[in-house]
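Structure first, then comments.
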Amino acid sequence: MAKERKFSLPFIDITSTKNKILSQENKTADSSPMLYKTNARSLLVTTAVVSWALLLANVLFSAHRLREQGVAQLSLPFLNNLLIVVFLVSVFLFQRLSTESLKGVDFIGYLWNLFSKAAVAAYVSVALFLGYKVMTNYADTESPLLLHLVYQINFGLLVVFLAKAFYIWRQLLLYHKNKFLQIAWDWFELLLGAMLLLTIFNFDYNSYIFMPLLALIGFYILFLCTNLKWVAYLTFSNKSRSLVLLGAILLSCYIFVRFFRGLKDSPNLVIDYTDVSFLLLAMMFVGSYTLAAFLVSLFSLPTSSVFEQKSEDLLNFQRLSQSIQQGQSEAQVYDMLFESTIKASDASASWFELIRNGEPQVTHLLNINIDQIKRIRHLLLAYNIHNIDYINNNLNRNPGFRDLMLPWKSLIILPIKSKNYLSGVLYLLKDIEQGFDRETVNVLRTFTSQTILTIENLRLISESLQNERYKEELKIATQVQDSLIPKKFPVDSWFEISTHALAAKEVGGDFYDFLQLSESRIAIIIGDVSGKGISAAFHMAQMKGIFHGLMQQDMPPSEFMKQANSALSRCLEKTSFITSALYIIDYSMKGFMFARAGHCHTLYYNAMMDDVFYFQTDGLGLGIIRDKSYANHIREMYYDYNPSDVMVIYTDGIVEARNEANDEYGEDRLKYMLQQTYHLEAEDIKYAIINDLENFTGPDNLYDDQTLLVIKFKPVEPNK
Amino acid sequence: MPMKITNEIKDNTIIMTLDGELDASSSVMLDEELSDPEIMEYSKILVDCKNLHYISSAGLGVFISHLQRFEDAQIKLIFYNMQDKVRNVFEILGLDLLMTIVSDYEEARSIANE
């Protein structure tokens with residue numbers, strides 16, 4: 001029957017792989033392996049219980065025969081050995097499956113699990129044996145059957161204990177494992193499994209053939225016992241607790257060893273489990289590993305506080321560096337700095353000053369009062385050592401500090417200072433001399449530099465947000481300015497107009513506008529504010545207002561320039577000026593009147609004479625002379641136009657545009673362009689000029705605002 | 001191209017040499033030079049524009065803003081050796097009628113000594 005059971009185990013394995021494949025196919029990965037595990041575990045438990053019961057029956061039967069016939073011999077020794085092996089295998093496999101589900105780094109949890117579920121077995125076995133002793137003493141009779149029963153039960157408990165301990169120790173031994181360690185362990189398990197063969201074939205492991213092998217395995221175990229990395233992760237209190245638990249487990253080992261060695265080669269017993277080499281080796285491993293863990297825990301106890309401090313520093317450091325991602329504020333960062341540095345340096349008193357508008361402000365204090373802070377600050381100020389890196393490990397030696405009668409003997413000052421900005425100062429005090437050694441100071445400095453970095457980054461983030469907002473505002477400014485420039489001129493049959501405007505920055509200083517003065521008269525203005533950007537844009541808007549305000553009263557261009565100059569003189573800053581040209585076109589008179597205030601010369605094509613030329617008129621820019629004498633510097637001109645005449649009005653951004661060789665586009669090239677294109681429509685003339693300009697400058701080479709207006713007078717008379 | 005401004009003092013006259021392009025950034029430099037109170041101790045400022053390749057509206061603005069002050073203090077401001085391109089900018093704006101622009105140093109010197 002046992003044979004059957006044994007063979008059933010590999011069969012389970014096959015179904016398990018099948019199950020896994022199936023589960024992958026059906027995408028029900030969760031349930032099937034779980035189900036298999038539960039099934040396998042219940043099967044293993046049944047196998048263990050049945051094999052143990054059969055063993056018990058066989059042993060009791062043999063014991064009975066011993067009493068009857070006086071022959072201490074097992075019936076069916078081979079079957080008995082097989083049962084032992086089946087029992088061992090099933091219990092160990094069961095524990096193997098159970099412990100695999102244990103995860104995490106709760107080492108005390110593992111130890112407690114081992115103690116409560118397995119090590120207690122030893123105390124139960126002691127109780128059982130004592131109970132047997134008491135009973136035999138009381139009844140004063142030998143009861144071999146009862147002895148066998150107790151022996152058999154204790155054997156069961158021992159195996160459960162060993163299996164549990166074996167696999168929990170595996171879990172801890174392989175903590176932070178590498179590949180080599182994993183392979184070493186797998187071989188160990190295999191070797192132990194091979195030992196079971198000795199039992200099946202009833203070899204005596206004490207024979208000389210096996211002694212060297214056993215010795216080798218012994219060394220192997222010793223090597224495995226050096227893997228105790230988990231102990232380092234225990235805190236002081238955890239170590240104390242683990243010492244108690246490990247001690248109890250060691251005691252369990254001792255009890256079992258004592259019990260089974262005590263009954264070794266006993267004439268009263270038909271069976272001797274000390275002959276099972278597997279048990280010996282498993283006990284050797286469990287015992288040595290427990291002892292090693294116990295000793296390492298014990299001797300690392302005094303140093304554990306150092307490691308605790310280090311790991312806490314590391315954790316605080318991490319918290320500090322991650323505070324940006326967690327969206328924490330500056331105040332929270334200072335809170336963290338204050339707490340962490342006090343813990344890291346074990347300071348007895350401390351305070352933190354935040355520098356606001358150049359004035360220190362105490363935001364955090366610990367074990368110190370404002371009066372003491374004031375006195376210390378006063379002294380530091382007198383020594384001129386405030387707000388700088390400063391360590392004094394013996395305050396009593398300094399007469400100034402001695403006079404303050406402070407309860408502290410060491411002081412460190414840590415300014416939170418980036419390249420050019422002091423955001424705060426941290427003061428730490430200790431009640432012992434040499435309180436701040438190099439190691440501590442290094443840790444503290446790391447904390448402060450990380451804080452500086454964090455604070456800088458927080459500021460950068462808020463600054464970039466601010467910049468983003470400015471960009472948005474600028475976008476609005478661009479839109480507003482765009483709306484100030486007319487998109488559509490009045491369409492009439494006697495002239496056509498085409499415009500082009502391009503700002504070098506978000507907002508510019510160029511502008512043009514028009515105003516219908518009467519049915520037959522239209523005023524067109526073009527202008528350029530010196531400088532670029534926001535201030536130019538403001539003046540441009542101002543000029544537009546002046547244009548509309550003044551031209552409501554319908555005045556000649558020269559008069560407009562005089563009044564505009566006087567208006568601008570009051571509001572333009574000293575270094576700013578505006579160039580402008582105003583044209584009043586009257587189609588009933590077939591002529592236009594214009595004045596130029598420092599603006600670029602008007603380019604003109606006269607169809608009658610078939611000539612392209614610039615109007616050479618004098619005129620000073622607006623805002624250059626800010627008194628009445630300006631009137632002497634402005635000229636007005638009247639010109640009769642012919643049908644098909646073309647007028648090109650522009651800003652200096654056109655003629656002063658440069659190519660890569662730093663040459664200017666120039667008036668001559670512009671004139672040449674008009675000579676080639678005057679016969680086209682106004683729109684096409686504009687495109688021809690702009691295209692030529694773009695070809696000249698090349699792409700992305702815009703440094704000044706560009707404005708271009710092309711006006712073409714048409715031969716057709718307006719319909720009245 | 002960075003702007004270089006050098007001042008040379010010769011019997012009660014400052015000879016200011018402009019070398020490079022007078023754009024928005026270099027005009028700040030020029031403004032600092034012209035704002036120097038020491039400059040008011042001299043009665044003549046001759047500006048050598050031989051190597052002035054470009055002048056922006058900001059550069060013009062600096063000269064314009066000091067024009068009235070120099071006039072009030074009876075300091076003569078004379079430009080000479082000006083390139084045609086730069087002179088054209090002065091002319092378009094109407095500054096040639098407001099400022100003294102002459103062809104060479106000798107002429108500038110003789111006008112200054114009038």
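The values are calculated or read from the model by the stated rules, or taken from the named source; none is laboratory data. The model shown is predicted, which means the values in this text are computed figures rather than measured ones. Every residue, glycine among them, receives a Cβ derived from its backbone with ideal geometry; neighbour counts consider all protein chains shown.
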Margin query: Going residue by residue through segment A:665-673, is there one that turns out to be touching a residue at least 60 places away in the same chain (Cβ under 8 Å), surrounded by fewer than 21 Cβ atoms within 10 Å (Cβ to Cβ), assigned to a loop (DSSP other than H, G, I, E, B) and not β-branched (Val, Ile, Thr)?
Written below: no
Notebook entry, point to check: Considering only segment B:89-114, how many residues are more than 15 Å from the chain's Cα centre (by Cα) and of a type in the set (S, T, N, Q)?
Noted result: 2
Next item on the list: Would you mind finding the one in A:LEU465, A:LEU429 that is aliphatic (A, V, I, L, M) and out of contact with any strand residue (DSSP E or B) (no Cβ under 8 Å at 6 or more places or on another chain)?
Entry: A:LEU465
Margin query: Any residue that is within 60 Å of the chain's Cα centre (by Cα) and of a type outside the set (Lys, Arg) - is there at least one of those in segment A:588-597?
Written below: no
Note to self: Which residue is farthest from the other protein chains (Cβ to nearest Cβ), if the candidates are limited to segment B:56-114 and must be at positive phi and in contact (Cβ under 8 Å) with a residue 24 or more places away in the chain?
What the structure shows: B:ASN81
Next item on the list: Could you figure out which of (1) at pLDDT 90 or above; (2) surrounded by 12 or more Cβ atoms within 10 Å (Cβ to Cβ); (3) of a type in the set (A, V, I, L, M) isn't true of A:LEU465?
Entry: (2)
Checklist line | Residues of segment A:310-358 that turn out to be under 25 Å from A:GLN434 (Cα atoms) and outside any helix (DSSP H, G or I), as a count | finding: 8
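Here's the yes/no breakdown for (1) over 30 Å from A:PHE713 (Cα atoms); (2) in the same structural domain as A:ILE649 (by TED's automatic domain parsing); (3) not aromatic (Phe, Trp, Tyr):
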| site | (1), (2), (3) |
| --- | --- |
| A:LEU406 | yes, no, yes |
| A:SER418 | yes, no, yes |
| A:THR440 | yes, no, yes |
| A:THR448 | yes, no, yes |
| A:ARG469 | yes, no, yes |
| A:ALA477 | yes, no, yes |
| A:PHE495 | no, yes, no |
| A:LEU502 | no, yes, yes |
| A:GLU519 | no, yes, yes |
Check: Quick check, is A:LEU395 in contact with a His (Cβ under 6 Å, 6 or more places away or on another chain) and either over 22 Å from A:GLU339 (Cα atoms) or not hydrophobic (A, V, I, L, M, F, W, C) (or both)?
Finding: no
Notebook entry, point to check: For segment A:574-632, how many residues are part of a loop (DSSP other than H, G, I, E, B), aliphatic (A, V, I, L, M) and touching a His at 6+ places or on another chain (Cβ under 7 Å)?
Noted result: 2
Note to self: Looking at segment A:190-228 only, could you name the residues that are among the aliphatic types (A, V, I, L, M), more than 14 Å from A:MET284 (Cβ to Cβ) and touching a helix residue (DSSP H, G or I) at 6+ places or on another chain (Cβ under 8 Å)?
What the structure shows: A:LEU196, A:LEU198, A:ILE200, A:LEU228
Check: Can we say B:GLY20 is in contact with a strand residue (DSSP E or B) (Cβ under 7 Å, 6 or more places away or on another chain), more than 19 Å from A:GLY531 (Cβ to Cβ) and within 14 Å of chain A (Cβ to nearest Cβ)?
Finding: yes
Next item on the list: Tell me which residues, restricted to segment A:226-264, are closer than 22 Å to A:ALA127 by Cα and either outside the structural domain of A:LEU162 (by TED's automatic domain parsing) or part of a loop (DSSP other than H, G, I, E, B) (or both).
Entry: A:LEU263, A:LYS264
Notebook entry, point to check: Going by the conditions given, is A:ILE534 closer than 28 Å to A:LEU693 by Cα, surrounded by 23 or more Cβ atoms within 10 Å (Cβ to Cβ) and away from chain B (no Cβ under 12 Å)?
Noted result: no
Note to self: If A:ASN420 satisfies all but one of (1) modelled with pLDDT of 85 or more; (2) in a loop (DSSP other than H, G, I, E, B), what's the number of the condition it fails?
What the structure shows: (1)
Notebook entry, point to check: Can you pull out the residues in segment A:285-300 that are aliphatic (A, V, I, L, M) and surrounded by fewer than 18 Cβ atoms within 10 Å (Cβ to Cβ)?
Noted result: A:LEU291, A:LEU295, A:LEU298
Check: Any residue at all in segment A:381-403 that is in a helix (DSSP H, G or I) and either buried (at least 16 other Cβ atoms within 10 Å of the Cβ) or under 30 Å from the mean Cα position of the chain (by Cα) (or both)?
Finding: yes
Margin query: With the requirement that a residue be more than 14 Å from chain B (Cβ to nearest Cβ), buried (at least 20 other Cβ atoms within 10 Å of the Cβ) and closer than 20 Å to A:ILE546 by Cβ, what does segment A:586-638 give you?
Written below: A:PHE594
Notebook entry, point to check: Any residue at all in segment A:507-515 that is assigned by TED's automatic domain parsing to the domain that holds A:GLU656, of a type in the set (Ser, Thr, Tyr) and out of contact with any strand residue (DSSP E or B) (no Cβ under 7 Å at 6 or more places or on another chain)?
Noted result: no
Check: Among A:VAL159, A:VAL126, A:VAL59, which is within 30 Å of A:LEU174 (Cα to Cα) and touching a residue at least 60 places away in the same chain (Cβ under 8 Å)?
Finding: A:VAL159
Note to self: Given the options A:SER644, A:SER629, name the one that is over 24 Å from B:LYS85 (Cα atoms) and without any contact (Cβ under 8 Å) to a residue 12 or more places away in the chain.
What the structure shows: A:SER629
Next item on the list: Go through the residues of segment A:90-98 one by one and say whether even a single one is charged (D, E, K, R) and surrounded by 15 or more Cβ atoms within 10 Å (Cβ to Cβ).
Entry: yes
Check: Does A:ASP645 count as modelled with pLDDT under 90 and over 23 Å from B:VAL89 (Cβ atoms)?
Finding: no
Notebook entry, point to check: Do you know which of the residues in segment A:641-664 that are within 12 Å of chain B (Cβ to nearest Cβ) and assigned to a loop (DSSP other than H, G, I, E, B) is farthest from A:SER498 (Cα to Cα)?
Noted result: A:ASN662
Check: at pLDDT 85 or above, in contact with a Ser or Thr (Cβ under 6 Å, 6 or more places away or on another chain) and outside any loop (DSSP other than H, G, I, E, B), is that true of A:GLU456?
Finding: yes
Checklist line | Among the candidates A:VAL45, A:VAL59, A:VAL134, A:VAL126, residue that is in a helix (DSSP H, G or I), at negative phi and either outside the structural domain of A:ASP275 (by TED's automatic domain parsing) or at pLDDT 90 or above (or both) | finding: A:VAL45
